[in-house]
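Taking it in order: structure first as structure tokens, then the write-up.
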Amino acid sequence: MWTIGPLTFVLPWALGGAIVLPLLWWLLKTTPPSPRRQIFPAIRLLAGLSVAERTAARTPLWLVALRILLAILVILAASHPVIDGGPAPAGGSLLLVIDDGWAAARFWAGRETHLQRLLADAERSGRSVRLLRTAPPADGSPVTLSPPMAAADARAQLQAAGPQPWPVDRSGAARALAALPPGPQRVVWITDGLASPDDRALISRLRSAGRLEMVSPPSGAEAKVLLPPSPGARGVEVRLLRVQGPGAEATVRVRDGAGRTLGLATARFAAGEGAATVSVAMPDELRNRAARIDIDGEDSAGATVLLDDRWRRHPVGLVEDKAGGGASPLLDDLFYMERALEPFSDLHRGTVADLVRRDLAMIVLPDDGALSDEDAQTLSAWVEGGGVLLRLAGPKLAQNPDGLLPVRLRGGGRMLGGAMSWTRPMALAPIEGNSPFSGLPVPSDLKVATQLLAEPGPDLDQHAWARLADGTPLVTGTERGKGWLVLIHTTVGPAWSNLGLTGLLPGMAQRLLALSRGFAGQMGDHPLAPDEVLDGFGRLGPPGGRVEALLPSGADGRPVAIGPAHPPGYYGDASARRALNLGPAVAALTPLAVPSGIARSVLGSRAADIDLQPPLLMAALFLLFIDLLIVLALRGHLRLPRRGLGMMVAIVAAIGVMAGDGPSRAADLDRQAALETRLAYVLTGQAQVDDESRAGLLGLSQLIQRRTTASFGEPAGVDVARDPLMLFPLLYWPVTDGQGALTAAARDRVNDYMRKGGMILFDTRDLGQAGPGRLRTLTQGLDIPPLAAVTEEHVLSHSFYILRSMPGRLDGAPVYVAAEGDPANDNVSPVVIGAHDWAGAWAVDRRGDPLFAVVPGGEQQREMAFRFGVNLVMYALTGSYKADQVHLPAILERLKR
């Protein structure tokens with residue numbers, strides 16, 4: 001290899017062919033071209049002429065120069081010249097340090113491209129390569145430095161590698177560099193752009209090894225982290241972390257186990273902020289089907305949160321306190337339990353008999369005096385069937401304890417200043433590791449003034465789930481049948497303690513709910529075997545042989561070291577399946593600080609190497625072709641037709657015409673809509689909504705083509721302010737938050753469209769919760785006729801299928817049409833208004849699979865949504881020709897007579 005500035009010759013010995021150029025020049029110059037043969041049959045006309053034979057003494061100089069240039073191009077191409085896209089590499093071997101932890105997945109393709117260019121440099125220069133990957137290997141071995149290898153071998157190793165789903169170990173990487181022998185070398189560190197506690201040690205080692213270059217992701221493009229959600233009133237709230245920077249947005253997507261989208265939301269990072277919180281609104285039916293949450297476009301283990309049963313809303317029953325109906329809510333234990341359970345539970349109040357008939361996960365029984373024998377037997381059977389009964393202590397239970405308790409109680413209670421008393425309120429002791437509450441933080445301000453004492457016994461310790469500072473139990477529990485009996489030995493209201501005023505009660509309530517679904521009824525004695533684990537790109541797969549089982553307490557919040565032994569994923573089986581996520585292990589994301597004196601570049605900023613061999617060979621072939629034409633012309637074998645020039649002019653003119661400006665968008669829409677029937681949707685400016693609208697109309701168009709003789713083209717997105725509308729029989733108009741009132745010009749265009757027979761389907765997509773207000777704002781100034789709910793007698797209900805309901809992705813709201821049709825348009829309503837998110841039910845992907853889940857009716861509801869879409873399109877295309885079917889029952893009845 002020979003380098004001249006940025007130009008490198010991979011095979012410089014081929015340039016030795018230039019030695020023969022002078023000889024070639026002499027040969028070409030002295031050797032005349034072949035004589036031209038002229039056929040002339042009239043020999044007699046040449047009689048008497050003196051023939052002087054003339055022979056060319058040499059080849060024309062311009063032809064010699066052409067052939068010398070051809071030879072030069074061939075020699076240069078044989079030397080394989082390459083213009084380096086980056087700076088000239090330093091001497092010595094190449095040491096590649098690669099951050100391949102979870103944060104590297106964000107720009108993995110860019111890293112591979114950059115690494116390939118570095119390896120190409122090393123391969124051309126014949127330098128050896130060492131690899132150091134900073135994330136621990138999947139087999140659990142420490143980070144190690146590879147031995148020297150050829151660039152081709154390093155390329156093969158990197159092509160088989162990928163990001164790991166755990167953090168990097170830069171401390172281990174620094175220790176691995178101790179095995180690096182001294183000597184000149186080029187050091188390139190492909191970083192993930194994030195700081196860690198051991199950066200200084202690694203940078204110091206790398207700087208001592210050679211000239212260090214650091215390559216990082218572009219500013220603002222570092223990886224983001226998704227934290228496990230917290231329950232909200234109408235869905236889930238998700239928190240995202242990033243490196244602080246300018247304002248940005250990220251889309252959060254909730255999916256079910258089959259990968260279908262259940263909800264979308266956009267998180268907005270304020271400028272200079274490193275965290276953002278977004279609420280994903282979902283009905284309870286969808287939330288209970290959620291299996292994972294992802295950040296769109298990230299595709300990493302850090303941008304994925306796996307969900308298990310703990311994140312679902314579960315029904316809980318609250319037994320009405322028969323004696324406490326007139327008490328102040330702030331003194332009522334059920335008031336505090338309701339506030340603690342409300343974020344992640346569906347609450348139901350009633351009597352014991354009413355509640356056990358429901359499908360409940362837990363029943364909360366306040367201090368309501370002595371249980372009747374019937375209620376006690378009913379609750380006992382319910383617990384043995386798998387329910388969790390939570391009992392709250394109080395003075396009535398202290399006076400009349402019963403057998404439906406996890407432990408035996410002493411008569412009376414211990415209280416501040418009583419016979420069995422302490423001198424000051426007692427605090428809570430740290431929660432032990434074998435308790436379902438393990439990992440919950442103990443509030444320092446939690447104080448208990450009165451408690452019910454458990455009768456000492458040999459098995460009391462295994463039933464005590466939380467203790468006061470003096471060791472007496474505050475919460476006890478025992479397994480009965482398939483369910484659990486749990487007692488809080490004090491009030492959750494302010495009468496005996498301030499437990500309900502601290503943040504501990506919601507966490508305890510959530511852990512107790514988990515017991516009803518088989519969570520660690522083993523109480524931490526049986527580890528959870530790995531079931532599925534995430535790879536670096538956030539994809540679930542089978543666990544490797546080195547993945548270890550996980551203690552249930554670790555999955556529920558106790559700090560777990562994410563690594564080869566415990567990668568993020570699912571652990572356990574169907575009876576106790578727990579999700580372990582990477583997010584809780586990440587406290588914050590800060591940018592990697594680069595000390596002065598270190599060369600730094602950005603992924604993707606290095607220009608690609610320019611290989612000059614292909615263009616040189618193409619130029620040589622072109623000159624060879626020109627030379628061949630010249631030789632044929634000199635010999636008289638090449639005759640161009642007279643009209644050749646005109647043909648060339650015509651070709652050039654045609655190319656000029658084709659290269660001119662194409663038709664405008666409006667003209668193109670007109671042309672396509674005139675050639676084939678197409679449905680259209682109104683562009684909202686929100687990419688997610690527009691994509692859903694297009695996918696929905698595409699799915700509806702495909703289904704109509706399968707079930708009817710109608711044929712439809714691709715759906716079109718239209719801007720009502722500038723695009724032609726008249727050739728579209730139906731416009732789907734999703735109503736969103738960002739839409740305001742139409743401009744005067746847009747209102748006139750939409751009104752003209754409806755007057756001339758067009759139909760618009762307005763869809764607020766929210767079951768009428770907030771959409772009517774947005775719809776009123778959007779339709780101000782439009783000629784919307786008086787409306788009426790669609791009935792079974794309306795043409796829309798039987799234009800193709802006979803429908804009794806018109807659901808979409810959601811169901812439960814009425815659908816409205818014009819109360820009286822326009823006689824000028826065959827009495828067809830110009831508008832159909834609803835709130836069922838029909839596009840979400842119709843939406844399909846490229847394979848034809850549904851994109852969104854449908855609730856509450858599932859696939860049967862989706863079928864009804866498609867049938868409504870077919871009826872709607874037929875209504876828009878054919879009008880009211882089936883209106884006479886309204887009278888069909890009466891006609892058939894008359895015929896029977």
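The values are calculated or read from the model by the stated rules, or taken from the named source; none is laboratory data. Predicted model only: the values in this text are computed from it and were never measured. Backbone-built Cβ (ideal geometry, glycine too); neighbour counts: all protein chains shown.
Listed conditions (1) among the β-branched types (Val, Ile, Thr); (2) modelled with pLDDT under 90; (3) part of a loop (DSSP other than H, G, I, E, B) are all met by Val236, apart from (3).
State whether the residues of the range 283-299 include one that is out of contact with any strand residue (DSSP E or B) (no Cβ under 9 Å at 6 or more places or on another chain), surrounded by 16 or more Cβ atoms within 10 Å (Cβ to Cβ) and under 30 Å from Pro163 (Cα atoms). Checking the range 283-299: at least one residue is out of contact with any strand residue (DSSP E or B) (no Cβ under 9 Å at 6 or more places or on another chain), surrounded by 16 or more Cβ atoms within 10 Å (Cβ to Cβ) and under 30 Å from Pro163 (Cα atoms).
Does at least one position in the range 339-356 carry a residue that is closer than 30 Å to Val280 by Cα, modelled with pLDDT under 85 and in a strand (DSSP E or B)? Yes, the conditions are met somewhere in the range 339-356. Identify the single condition in (1) farther than 30 Å from Leu264 by Cα; (2) surrounded by 16 or more Cβ atoms within 10 Å (Cβ to Cβ); (3) modelled with pLDDT under 90 that Met754 does not satisfy, given that it satisfies every other one. So the condition that Met754 fails would be (3).
Condition check: modelled with pLDDT under 90, surrounded by fewer than 18 Cβ atoms within 10 Å (Cβ to Cβ) and in the same structural domain as Phe537 (by the TED database). Does Thr277 satisfy that?
no
When the range 239-260 is examined, which residues are found to be assigned to a strand (DSSP E or B) and either touching an Asp or Glu at 6+ places or on another chain (Cβ under 8 Å) or surrounded by fewer than 19 Cβ atoms within 10 Å (Cβ to Cβ) (or both)? Residues satisfying the conditions are Arg239, Ala248, Glu249, Ala250, Thr251, Val252, Arg253, Arg255, Asp256.
Looking across Asp826, Asp884, Asp822, one residue alone is in contact with a Lys or Arg (Cβ under 9 Å, 6 or more places away or on another chain), under 28 Å from Lys756 (Cβ atoms) and at pLDDT below 85. It is Asp822. Residues of the range 385-407 that are at pLDDT 90 or above and either in a helix (DSSP H, G or I) or surrounded by fewer than 21 Cβ atoms within 10 Å (Cβ to Cβ) (or both): Leu404, Leu405.
When we screen Arg480, Arg467 for residues that are among the basic types (Lys, Arg), more than 38 Å from the chain's Cα centre (by Cα) and closer than 22 Å to Leu379 by Cα, the only hit is Arg480.
Test Ala221 against the criterion of being surrounded by 18 or more Cβ atoms within 10 Å (Cβ to Cβ), part of a loop (DSSP other than H, G, I, E, B) and among the aliphatic types (A, V, I, L, M), and give yes or no. So Ala221 passes the test. Among the residues making up the range 704-728, a single one is at pLDDT 90 or above, surrounded by fewer than 19 Cβ atoms within 10 Å (Cβ to Cβ) and assigned to a loop (DSSP other than H, G, I, E, B): Asp719.
Counting the residues of the range 179-214 that are in a helix (DSSP H, G or I), of a type outside the set (Asp, Glu) and touching a residue at least 12 places away in the same chain (Cβ under 8 Å) gives 9.
From the list Asp299, Asp333, pick out the single residue that is on the phi > 0 side of the Ramachandran plot, touching a Gly at 6+ places or on another chain (Cβ under 6 Å) and not assigned by the TED database to the domain that holds Gly840. Full working, then the answer.
On the way: Asp333 fails: on the phi > 0 side of the Ramachandran plot.
So the residue among Asp299, Asp333 that is on the phi > 0 side of the Ramachandran plot, touching a Gly at 6+ places or on another chain (Cβ under 6 Å) and not assigned by the TED database to the domain that holds Gly840 is Asp299.
Looking only at strands (runs of 3 or more DSSP E) that fall completely inside the range 493-609, which ones have 3 or more residues that are over 27 Å from Arg391 (Cα atoms) and either of a type in the set (D, E, K, R) or modelled with pLDDT of 85 or more (or both)?
Those strands (runs of 3 or more DSSP E) span 530-534, 569-571.
I'd like the full set of residues that are under 30 Å from Pro246 (Cβ atoms) and not in a helix (DSSP H, G or I), limited to the range 283-308. Arg292, Ile293, Asp294, Ile295, Asp296, Gly297, Glu298, Asp299, Ser300, Thr304, Val305 - these are the residues of the range 283-308 that are under 30 Å from Pro246 (Cβ atoms) and not in a helix (DSSP H, G or I). Please verify whether the range 789-804 includes one or more residues that are touching an Asp or Glu at 6+ places or on another chain (Cβ under 7 Å) and surrounded by 13 or more Cβ atoms within 10 Å (Cβ to Cβ). No, the range 789-804 contains no residue that is touching an Asp or Glu at 6+ places or on another chain (Cβ under 7 Å) and surrounded by 13 or more Cβ atoms within 10 Å (Cβ to Cβ). Pro641 meets each of the listed conditions (1) outside any helix (DSSP H, G or I); (2) at pLDDT 80 or above apart from (2). Evaluation of Arg776 against the conditions (1) surrounded by fewer than 18 Cβ atoms within 10 Å (Cβ to Cβ); (2) touching a residue at least 12 places away in the same chain (Cβ under 8 Å) shows that the sole unmet condition is (2).
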